[in-house]
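Asker: Next up is a structure, given as structure tokens.
The values are calculated or read from the model by the stated rules, or taken from the named source; none is laboratory data. This is a predicted model, so every value here is computed, not measured. Cβ sites come from the backbone with ideal geometry, for glycine too, and all protein chains shown count toward neighbours.
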Amino acid sequence: MSDKIISKKEVEHIASLAGIALSEEEKELFTKQFNEILSYFHKIDELDLEEVEPTYHVVELSNVFREDEVTEPLPLELAILNAPKKKDGYIKAPKII
Amino acid sequence: MLSAREIVSRVKSGELKVTEIVESTFDRVSKTEDRLNCYVTILQEEALKRARLLDESASKGKVHGRLFGVPVAVKDNICTKGVRTTCSSRILANFKPVYNATVIERLEREGAVIIGKTNMDEFAMGVSTETSYFGPTRNPWDLTRVPGGSSGGSAAAVAAGEATVALGSDTGGSIRCPASFCSIVGLKPTYGSVSRYGLIAYANSLEQIGPMARDVYDCALLFSVIAGHDPRDSTSVNLKPKDYTVFLREEVKGVKIGVPKEFFGEGTQKVVEETVWKAVHKLEDLGAEYDTCSLPSLEYALAAYYIIAMSEASSNLARYDGLRYGYSEEFTDTDWFTYIAKVRRNGFGPEVRRRIILGTFTLSSGYYNRYYLKALKVRTLIRMDFEKAFKRFDVLAAPTMPTPPFKLGEKIENPLELYMCDIDTVPANLAGLPSISIPCGFTTSGLPVGLQLIAPPFREDLLFRVAYTFEKNTGYVKEEPEVI
């Protein structure tokens, strides 16, 4: 196996996809740690999994339905109670475009 | 220290008042909490107010509830209405849920008194309770050592008498690990048997809320209260409510115990191996039969577990945006993406960031098939190996942890080394099986060792019966840590 599974550049890219800013030192540290962790993950490559079905969930439940009954919704003031910045019943957010 | 069972009976007989019990619990908290740091939030006023209400109804002859007057500690990733629920993270340090988790409703319905919200590894990601934003919890048996994690606050509180019983959650061992390290009883229930409604999600396909207690009876009692169907959790299984304490009898004659060799791998310390084998032989003396066996796929369980857990975490923790709730910063001069990336950088600790980023990687296009899908296939092999084993055996026995509790700071700089601590606990989560950790001895320096028992789905009754028989015929639960 090559010594680098993931490069610093890739770590930067993935972190930005995950919406997490990283400091320079952290990029170095995470790149080193990620390579160690991912190389451990590659242990599962020893197995022949071609014919094996994946298990997404261990409980054999499917199509869990309930009656479509109207119930009391959460009042607006409670729904946004924990929002740090709000105005007139709306949550304030930074510029999107 | 009184057990939950004794508290309920003494309150019912009028021998004790709930107020007295709750006050004595806070006495203990005031004596040991400075050293242990079990709680993120202590609810002294609220608990005493509730105690007075319960006493009032008791004075009118109304003592209803299987946990009437019992002081309970609740892990801080379980939502409590109006009481901050932090996940031991800066990002939720001021978060006050507007509803109760189903398990909280069930506790309250049975007369329990919530003492406080317990410390944990941030977002339940860890085995030592050292990643908490609110500082580490210490092990009551040795203050220089970790209590285990991630439900370390709950375990330390129960072991030190800062609560009678506690709720934890277990994604890859987070109830059983600290139960083992603090010498208490902890159950990871069958997936789907306890509602996850109101449990702040880390890895939904793996985690369950479960009971932690000083003995098997209290563990079974608390489980009887929290288990059961909940329409608000679509993975909740439609089970009839049961009183699990009726299964507690000293009877293991003919119980077939399998001891899989994969649980005694190279990282297992000799003292753990010997202590666990001694426990297996004790069960044999009591009438059980045992044989060794092999579940070859378990060698791959830890890698598969971390891939799945991190992948699910990356998706679950995408909700923290610093806008709808939680930690926030000024944003007058920043755009949307820069703001969110900054809030998530400052709001999450390093281990949480690592897992989110790695999970984003293992789910990303081009890598999904190489990591996530493969891990799910390994999960199938593990399930099949367990199914096969349970054709031969009633329960499986193993160490809960490969080592006794380690020192604070000993492993925290090396993530992979910490992950390795989960090696014996993750298989039960991957297969959705019930698993209990019970005290089974101490090292020569007095550090606890835990025995793990695993049963087929929904056979908690069998786990409780074997654990109860072991407990009644050994003295380990009676030991108390010196900190008390």
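Asker: Filter the stretch A:76-97 down to the residues that are more than 9 Å from chain B (Cβ to nearest Cβ) and part of a loop (DSSP other than H, G, I, E, B) and list them by number.
Answerer: A:Asp88, A:Gly89
Asker: Sticking with this one: Can you confirm whether B:Phe393 is farther than 30 Å from B:Asn94 by Cβ and more than 7 Å from every other protein chain (Cβ to nearest Cβ)?
Answerer: yes
Asker: Does A:Leu29 qualify as being more than 8 Å from every other protein chain (Cβ to nearest Cβ) and under 23 Å from B:Ala303 (Cα atoms)?
Answerer: yes
Asker: Given the conditions (1) within 21 Å of the chain's Cα centre (by Cα); (2) in a helix (DSSP H, G or I); (3) at the interface with chain B (Cβ under 7 Å from one of its Cβ atoms); (4) over 30 Å from B:Ala428 (Cα atoms), which single one is not true for A:Phe34?
Answerer: Tallying (1) within 21 Å of the chain's Cα centre (by Cα); (2) in a helix (DSSP H, G or I); (3) at the interface with chain B (Cβ under 7 Å from one of its Cβ atoms); (4) over 30 Å from B:Ala428 (Cα atoms), A:Phe34 fails exactly one: (4).
Asker: Conditions: (1) without any contact (Cβ under 8 Å) to a residue 24 or more places away in the chain; (2) touching a Lys or Arg at 6+ places or on another chain (Cβ under 8 Å). B:Leu408 meets all but one. Number of the miss?
Answerer: Result: B:Leu408 passes all but (1).
Asker: How many residues are more than 24 Å from B:Val158 (Cβ to Cβ) and basic (Lys, Arg) if we restrict to the stretch B:57-77?
Answerer: Final tally of qualifying residues: 2.
Asker: List the pairs whose first member sits in the stretch B:242-265 and is outside any strand (DSSP E or B), whose second member is among the acidic types (Asp, Glu), and whose Cβ atoms are under 6 Å apart, counting only residues at least 6 apart or on separate chains?
Answerer: Final answer for the pair search is B:Phe247/B:Asp461; B:Val255/B:Asp394; B:Phe263/B:Asp424; B:Phe264/B:Glu273.
Asker: Here is a further query. Can you tell me which of B:Ile91, B:Ile115 is out of contact with any His (no Cβ under 9 Å at 6 or more places or on another chain), in contact (Cβ under 8 Å) with a residue 24 or more places away in the chain, aliphatic (A, V, I, L, M) and in a strand (DSSP E or B)?
Answerer: B:Ile115
Asker: Which count do you get for residues in the stretch B:405-446 that are among the basic types (Lys, Arg) and in contact with a Leu (Cβ under 8 Å, 6 or more places away or on another chain)?
Answerer: Of the residues in the stretch B:405-446, 1 are among the basic types (Lys, Arg) and in contact with a Leu (Cβ under 8 Å, 6 or more places away or on another chain).
Asker: If the Cβ limit is 7 Å and pairs must be 6+ apart or interchain, which residue in the stretch B:218-235 that is more than 11 Å from chain A (Cβ to nearest Cβ) and touching a residue at least 60 places away in the same chain (Cβ under 8 Å) pairs with which residue that is part of a helix (DSSP H, G or I) and among the basic types (Lys, Arg)?
Answerer: Hits for this filter: B:Asp218/B:Arg5; B:Leu221/B:Arg5; B:Val225/B:Arg106; B:Ile226/B:Arg106.
Asker: Out of the residues in the stretch B:389-415 that are outside any loop (DSSP other than H, G, I, E, B) and in contact with a helix residue (DSSP H, G or I) (Cβ under 7 Å, 6 or more places away or on another chain), which is farthest from A:Gln33 (Cα to Cα)?
Answerer: B:Val395
Asker: Can you give me the number of residues within the stretch B:20-76 that are part of a strand (DSSP E or B) and among the hydrophobic types (A, V, I, L, M, F, W, C)?
Answerer: Residues in the stretch B:20-76 being part of a strand (DSSP E or B) and among the hydrophobic types (A, V, I, L, M, F, W, C): 5 in total.
Asker: Would you call B:Gly432 farther than 30 Å from B:Ala288 by Cα and either under 16 Å from the mean Cα position of the chain (by Cα) or among the small types (Gly, Ala, Ser) (or both)?
Answerer: On the way: farther than 30 Å from B:Ala288 by Cα: no; either under 16 Å from the mean Cα position of the chain (by Cα) or among the small types (Gly, Ala, Ser) (or both): yes.
In short, no.
Asker: Given B:Glu56, B:Glu23, B:Glu6, B:Glu105, which one is acidic (Asp, Glu), touching a helix residue (DSSP H, G or I) at 6+ places or on another chain (Cβ under 9 Å) and either more than 26 Å from B:Val127 (Cα to Cα) or surrounded by fewer than 20 Cβ atoms within 10 Å (Cβ to Cβ) (or both)?
Answerer: Values: B:Glu56 fails: touching a helix residue (DSSP H, G or I) at 6+ places or on another chain (Cβ under 9 Å); B:Glu6 fails: touching a helix residue (DSSP H, G or I) at 6+ places or on another chain (Cβ under 9 Å); B:Glu105 fails: touching a helix residue (DSSP H, G or I) at 6+ places or on another chain (Cβ under 9 Å).
The unique qualifying residue is B:Glu23.
Asker: Just a yes or no: is a residue in the stretch B:166-189 under 12 Å from the mean Cα position of the chain (by Cα), of a type outside the set (A, V, I, L, M) and at positive phi?
Answerer: Yes, the stretch B:166-189 has at least one match.
Asker: Here's something else I'd like to know. Restricting attention to the stretch B:349-370, which residues are at the interface with chain A (Cβ under 7 Å from one of its Cβ atoms) and touching a residue at least 40 places away in the same chain (Cβ under 8 Å)?
Answerer: Passing the criteria: B:Arg354, B:Ile356, B:Ile357, B:Leu358, B:Thr360.
Asker: Looking at B:Lys278, B:Lys374, B:Lys342, which one is modelled with pLDDT of 95 or more, charged (D, E, K, R), over 23 Å from the mean Cα position of the chain (by Cα) and within 30 Å of B:Gly475 (Cβ to Cβ)?
Answerer: Working: B:Lys374 fails: within 30 Å of B:Gly475 (Cβ to Cβ); B:Lys342 fails: within 30 Å of B:Gly475 (Cβ to Cβ).
Of the residues listed, the single one that is modelled with pLDDT of 95 or more, charged (D, E, K, R), over 23 Å from the mean Cα position of the chain (by Cα) and within 30 Å of B:Gly475 (Cβ to Cβ) is B:Lys278.
Asker: Return only the number of the condition from (1) more than 10 Å from chain A (Cβ to nearest Cβ); (2) of a type in the set (D, E, K, R); (3) under 23 Å from B:Lys96 (Cα atoms) that B:Arg344 does not satisfy.
Answerer: If we test B:Arg344 against (1) more than 10 Å from chain A (Cβ to nearest Cβ); (2) of a type in the set (D, E, K, R); (3) under 23 Å from B:Lys96 (Cα atoms), just (1) comes out false.
Asker: State all residues of the stretch B:377-388 that are more than 7 Å from chain A (Cβ to nearest Cβ) and either under 24 Å from the mean Cα position of the chain (by Cα) or among the basic types (Lys, Arg) (or both); if no residue qualifies, say none. Please lay out each step first, then the result.
Answerer: First pass over the stretch B:377-388, keeping only residues more than 7 Å from chain A (Cβ to nearest Cβ): B:382, B:384-388.
Passing the criteria: B:Ile382, B:Phe386, B:Lys388.
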